[in-house]
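The values are calculated or read from the model by the stated rules, or taken from the named source; none is laboratory data. Just so it is clear, the structure is predicted and the values come from calculations on it, not from any experiment. Backbone-built Cβ (ideal geometry, glycine too); neighbour counts: all protein chains shown.
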Amino acid sequence: KKDIPAVNFIIHEIHCRRNIEICPYCSDSIPKSEMKNHIESEHVQVTCKCRMKMESSLLKEHEASSCPLRPVLCQFCDIQLAFNKLQEHELYCGARTEPCGRCGRHVLLRELPEHPRVCG
């Protein structure tokens with residue numbers, strides 16, 4: 001899968017056929033001696049804590065960006081909770097109030113960023 005000089009092609013092809021395999025899962029060129037290890041480390045099926053099954057090589061990205069159980073912080077109180085609980089928590093948490101330091105009115109936490117524009 002790489003460009004090589006034409007004068008070296010036959011020797012290169014013999015070397016590759018003898019020493020390199022194409023992974024049946026990802027089509028990468030892998031040395032034959034490392035193929036078993038490659039498949040076990042990259043392509044074995046694992047189960048995330050959310051019970052989704054995937055290749056082990058995809059687990060880290062899944063846990064960081066798409067797992068419904070990945071930890072996230074509430075924008076109002078900085079408590080860490082599971083992503084799938086965030087919306088319900090922020091509806092409740094954002095409905096709490098704090099007094100405005102300028103006008104003294106009690107303002108919903110979710111409206112605090114916009115409040116300075118309307119603050120008397």
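Residue 68 meets each of the listed conditions (1) part of a strand (DSSP E or B); (2) modelled with pLDDT of 95 or more apart from (1). Pairing each residue of segment 94-120 that is β-branched (Val, Ile, Thr) with any residue that is loosely packed, with under 12 Cβ neighbours inside 10 Å and part of a strand (DSSP E or B), provided the two are 6+ apart or on different chains, yields C-beta distances under 7 Å for 97/106. Checked against (1) out of contact with any helix residue (DSSP H, G or I) (no Cβ under 9 Å at 6 or more places or on another chain); (2) in a helix (DSSP H, G or I); (3) at pLDDT below 90, residue 88 meets all criteria but (3). Looking across segment 17-55, the residues that are farther than 27 Å from residue 67 by Cβ and in contact with a strand residue (DSSP E or B) (Cβ under 8 Å, 6 or more places away or on another chain) come down to 19, 20, 21, 22, 29, 30, 31, 32, 35.
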